[in-house]
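This report refers to the structure that appears directly beneath it.
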Amino acid sequence: MNLQDKVAIVTGAASGLGLATCKALAAAGAKVVGFDLDQARLDEALGPNLQGIAVDVSNEASVKAGVDRVVQAHGRLHVAVNCAGILGPSKTLSKGELFPTELWNRVLGVNLTGTFNVLRHAALAMSANEPEETGERGVIINTASGAAKQGQMGQAAYSASKAGVVGMTLPIARDLAEYGIRVVSIAPGLFESGMSSGMPPKVSEAIVNMMLFPRRMGKAPEFAAMVQHVIENAYLNAMTLDIDCGTR
């Protein structure tokens, strides 16, 4: 899909991978609308040239209202990129205390249910598009994680949520194929972001030491470049792509 004049939404747009993705898609000619929880923070991050809408991805009504606003303003929707996510670290059992159920539900509510909320309302909007010459109507990209397969200590909820994103990619791609909508997930390793900055230094250093070349954290524009490639490469569908510098 050529991004010129296409309409895209990006969640988690106020920082990190989401913000970098907004900038990359806008530079490629798309009309980008960023979703995030805090309107003031979103406006500050995106600046005057990009639109932001306060949306809680874990709340279906909030997601529907946000997608409806985008369609009303621009008449259509072609691309949805799910970058919103939280960590919620806690051990399953620590000093006699169990992993809090409320925290578990919150992490899955944002990372997994939130992703599903956005993609299905986006898919509904995309299904109304006139197909391009290739038959394509839309592209949905979800953010998984290397933690889906190789979660660290204290990441039970986070890893479960990201494994869910990986697991639903193929069936949803199969569901939406008849509408000409592609679904791809990207699984980043350790990237420079607000999320990684909260990690204990020993944990982040251990992950970096597992990398091949270059032995460093990923940079948000590198993730955004992969998002752009997925959108532009029509033969990428129903798969999860790792971008982790060989971390094992």
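Side notes on the structure shown:
- Along its first, second and third principal axes, ordered by size, the stretch 207-248 spans 35, 20, 12 Å in Cα coordinates.
- Sorted on the mean count of surrounding Cβ atoms within 10 Å across their residues, most packed first, peptides 163-171, 15-23, 51-59 read 15-23, 51-59, 163-171.
- Among residues other than Thr21 with Cβ under 15 Å from its Cβ, the summed charge is 0 (Lys and Arg +1, Asp and Glu -1).
- Fewest-first ranking of Arg106, Arg174, using other Cβ atoms within 10 Å as the exposure measure: Arg174, Arg106
- All other residues whose Cβ lies under 12 angstrom from that of Glu136 are scored, Lys and Arg at +1 and Asp and Glu at -1, for a net of -1.
- Ascending count of other beta-carbon atoms within 10 Å, so fewest first, for Leu119, Leu98: Leu98, Leu119
- Count Lys and Arg as plus one, Asp and Glu as minus one, and take only other residues whose Cβ is under 15 Å from that of Ile186; the net charge is then 0.
- Here the convex hull built on the C-alpha positions of the stretch 1-88 has a volume of 90 cubic angstrom per residue.
- From the alpha carbon centroid of the stretch 32-86 to that of the stretch 121-180 is 18 Å.
- Semi-axes of the equivalent ellipsoid for the stretch 50-139, Cα gyration tensor, largest first, Å: 34, 13, 10
Bear in mind that the values in this text are calculations on the coordinates, not laboratory data. Everything numeric here is computed off the predicted structure, so don't read it as measured data. Here the Cβ is made from the backbone with ideal geometry for all residues, glycine too, and neighbour counts use every protein chain on show.
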